[in-house]
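Inspection log for the structure reproduced underneath, given as structure tokens.
The values are calculated or read from the model by the stated rules, or taken from the named source; none is laboratory data. Just so you know, these numbers come straight off a predicted model, no measurement behind them. Cβ atoms come from the backbone with ideal geometry, glycine included; neighbour counts cover every protein chain shown. Heads up: the accessible areas ignore ligands, DNA and RNA and are worked out on the full protein's heavy atoms, side chains in. Shrake-Rupley method; radii C 1.70, N 1.55, O 1.52, S 1.80 Å.
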Amino acid sequence: MDDAIRVEGLTKQFGSFTAVDDVSFHVKSGEIFGILGPNGAGKTTTLEIIEGLQKASSGHISVLGVDVDQDTKAYKARIGVQLQSSAYYDYLNLEEILDLLGSCYPTNLPATELLKQVGLSEESHKKVKQLSGGQQQRFTVAASLVNNPDLVILDEPTTGLDPQSRHNVWDLINDMQNNGVTVVLTTHYMEEAESLCTRLAIMDRGKLIAVDTPQNMISRLDNTYTLKLELTDPPNEDQILSLTESSTSIEQIGPTTYLLKVDKSPTSLDHILQTIVTTEMHLKHLEMNPVTLEDVFLSLTGNELRD
Amino acid sequence: MFALTKANLKIMIRNRHTTFWALLFPLMLVVVFGIFRFDTADSASIAIYEDTNTPTGTAITEAISELAFLDTPLSVENELTAITEIKNGELDYLLSIPSQFGQDQGNGNLLTRLQLRVNPNNSEQNQLVEAAIQSAITILLTPEPTEVTSFSLEVENLEVSQPRYFDVVLLGLVGLGIMTNSIISIAVKISTYRSQSILKRLLVTPLPIWKYFASEIIAHLALALVQAIIILGVGILLFGARLSGDWLGLILVILLGSAVFLNIGFLMSAWANSPSAASGMGNAIALPMVFFAGTFFSTASLPWVLPYIVEVLPLTPMLSAMREISLENASIIEVWPQILTLSGWIIVTGLAAVKFFRFN
């Protein structure tokens, strides 16, 4: 399949500060491609260069087969864009805003159809300010589809939303993919990247750290499981020592609660449970979680994912 | 671009608050100037042409001198000179007592006609003065058993070239309203759009950005015209302003001036970091210009080099062209120096706006 976006050696400098540092990746047609990273990682700058809002200091980018330096207008007509925290005209209603934005493109979809698609038909005569946060975000998704684009670029589409609204937006993004639209989005939510994205790029401090499917990223880590143990009584030193020996890392997070990382060998789980029984520790609560992107991010960057 | 212009007009109409106040401010001033009648001077000047050499003539002159709100009458030798003075606004009234006043006309009738020439711009004051002269002379003639017991006072409204102060100010207020509204509304609007990423949202579309600016300018020019029509309409219908001349020429001057101020608004928005800063900057530019461009007062008496600086401010040629067209019946060709200055301003401010404009 063709690449929707090719980014080669992209660098963006603001004075002496390097916001994006030699970043290369390809986005395949039809996939949902996520760019994950904390604030200030260079995600928005990367997107704005792809959108033609900023010029790269160096590097080569093509979007939908068009070199961004050559002919901006040619691909702008075919991409849909949702900017981070973009507000819309205060004095126009939803339908009028979509008509206005549509008039900026050579082809456009009717406002009523777009509003129906994102479940805002009832609100078509309201102003953006009268909508809830979730509705506003769905509206900006509708606005990004106004030109019936082949590629949609969404900058933090779910930031600040409650879980219900976030799932609504995910459904909309999945619908886009089902309609054959390529989606590029940025996020700093791990579970969003994990459940939504076909492939993922991880950025930190302007650098691209990894590009792969979420599953491949996770399985690259040796520690596949995290065990959360809550004991009835505080363990003694011997008990702690035997727990430490049977896991790859141990961290106390409460008076009697411990987080253990366990590698994915077939015997490791068995080994830990045996240890608990033989050293006469008593479990109050046991939780087992697979390794998450959070862990991947931590192991790749050495940083917590800062919100 | 039509869709954009339409949307812009919709936004302005729905932004009632801003539009309303933008219009109300100059209208309030129209009402103030209309009510206070700055045209009416405290006392009025009168000249008397008296060629009778009779006691009656002298007595009339004395009676008029005693009227409190009239200046001491000047005795004039030449009626025509005094008439010219009225036409130039230097004199308010001329009372003529003909040489044959009170004498037999040869047919048994006495000549009893007095003539009062007035400047019609002061219609209310004229009625007062006319009545006062009327009664003063009646009182004078009644007790004294002169031959003249009745007389007639014939009032003649002279054609006066000097416009009324209210008419001059009304055109100034049109300029003031359009200037403040154009500068401030564009500056605030663009900096709001910038802070809300609306400009960025337009930049990611394939729309050539000049079309967006053109639609903003067209919508604002349309608003400026409506504003001018309302202000002039109130001035003419409610306060009897007398404007004449080439209305199309007046509209052209209004549009040119408005274009300069819109450019200045775009320029302000480039320098302002927030919508409220844009509003403050707009006011700081607009308000001094209101006074320095002669909206209310003549700037001829300004000291030092100020009169020359005043001449090149963009509001000055706009107002002087509007006044020459509507008060002195000048044609659009006759105001070419002002048109040229305004065009120069459009080019300079337009280039500066393009150079300094920023989208984020």
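Here are the numbers:
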read-out	value
Chain B, relative contact order in percent, only Cα pairs under 8 angstrom and at least six apart counted	18 percent
Label zone at B:ALA277 (point 7 Å along Cα-to-Cβ), backbone N below 18 Å, the range B:342-359	B:353, B:356-359
With eigenvalues of the C-alpha gyration tensor scaled by 5 and rooted, the range B:202-360, Å	29, 20, 16
Nearest-10 value in Å² for the accessible area of A:GLU294, using the 1.4 Å probe	80 Å²
Where the protein assembly as shown is the region considered: accessible area per residue in Å², 1.4 Å probe	47 Å²
Alpha-carbon centroids, the range B:219-265 and the range A:240-255: separation in whole Å	82 Å
The range A:123-253, accessible surface, carbon-and-sulfur percent (1.4 angstrom probe)	43 percent
Accessible area in the full protein assembly, largest first, 1.4 Å probe, for A:ASP233, A:ASP238	A:ASP238, A:ASP233
Descending principal axes extents, the range A:15-57, alpha-carbon based, whole Å	37, 23, 17
Most mobile listed residue (B:THR18, B:THR316, B:THR349) in chain B, GNM with C-alpha springs under 10 Å	B:THR18
Fraction of alpha-carbon pairs over 20 Å apart in the range B:1-145 - percent	61 percent
Approximate shape of chain B as ellipsoid semi-axes (Cα gyration tensor, √5λ), whole Å, largest first	57, 18, 16
Contact order relative to length of the range A:1-108, as percent, for alpha carbon pairs under 8 angstrom and 6 or more apart	25 percent
Exercise: per-residue mean of other protein chain Cβ atoms within 10 Å, A:46-53	2
Efficiency of FRET between B:ALA3 and B:LEU306 - r from beta-carbon atoms, R0 45 angstrom, step 0.05	0.45
Two-decimal log10 I(q)/I(0) for the range B:286-360, as the Debye equation yields it once each C-alpha is a single scatterer, q = 0.16, 0.22, 0.24, 0.25 Å⁻¹	-0.67, -1.03, -1.12, -1.15
Rg over Rh [alpha-carbon atoms, Kirkwood Rh] for the range A:103-214	0.99
Per-selection Rg to Rh, the range B:51-95 - Cα, Kirkwood hydrodynamic radius	0.99
Exposure ranking of A:GLU123, B:GLU62 by accessible area [1.4 Å probe, largest first]	B:GLU62, A:GLU123
Accessible carbon and sulfur surface of chain B relative to its total accessible area, %, 1.4 Å	64 percent
Shielding by partners - mean other protein chain Cβ count within 10 Å, residues of A:62-74	1
Modelled FRET efficiency - R0 56 Å, B:VAL226 with A:ILE250, Cβ distances, 0.05 increments	0.15
A versus B: buried accessible surface, summed, Å² (probe 1.4 Å, to nearest 100)	2300 Å²
Chain B - mean residue ellipticity at 222 nm from DSSP helices (-39,500 (n - 2.57) per run, n ≥ 4, rounded to 500)	-21000 deg cm²/dmol
nm² value of the averaged projected area, convex hull over the Cα atoms of the range A:157-283	11.0 nm²
Cα Rg, Dmax (largest Cα-Cα span) when computed across the protein assembly as shown, Å	41.0, 153
Degrees separating the helix B:55-65 axis from the principal Cα axis of chain B, which is the longest one	30 degrees
Highest-first arrangement of A:142-151, A:6-15, B:335-344, where packing means the average Cβ count within 10 Å	A:142-151, B:335-344, A:6-15
Cα Rg, Dmax (largest Cα-Cα span) when computed across the range A:44-83, Å	9.4, 25
Inter-label distance, nm, simple model (7 Å from Cα along the C-beta direction), B:ALA59/A:LYS284	12.4 nm
Test item: A:93-99 mean partner chain Cβ contacts at 10 Å	2
FRET efficiency, B:ASP51 to B:SER244 (Cβ-Cβ, R0 35 Å, nearest 0.05)	0.40
Inverse mean reciprocal Cα-Cα distance (Kirkwood Rh) of the range A:174-226, Å	12.5 Å
Residues in the range A:181-224 that a label on A:ASP2 would reach, taking backbone N under 17 Å of a point 7 Å out along Cα→Cβ	A:181-184
Quarter of the Cα convex hull surface for chain A, i.e. its orientation-mean projected area (nm²)	19.4 nm²
GNM top mover of B:ASN329, B:ASN109, B:ASN283 - chain B, alpha-carbon springs below 10 Å	B:ASN109
MRE, 222 nm, helices only [DSSP H, n ≥ 4, -39500 (n - 2.57), over chain A, to nearest 500]	-9000 deg cm²/dmol
Simple spin-label estimate for B:THR18 and A:ASP22 in nanometres, 7 Å along Cα-Cβ	4.8 nm
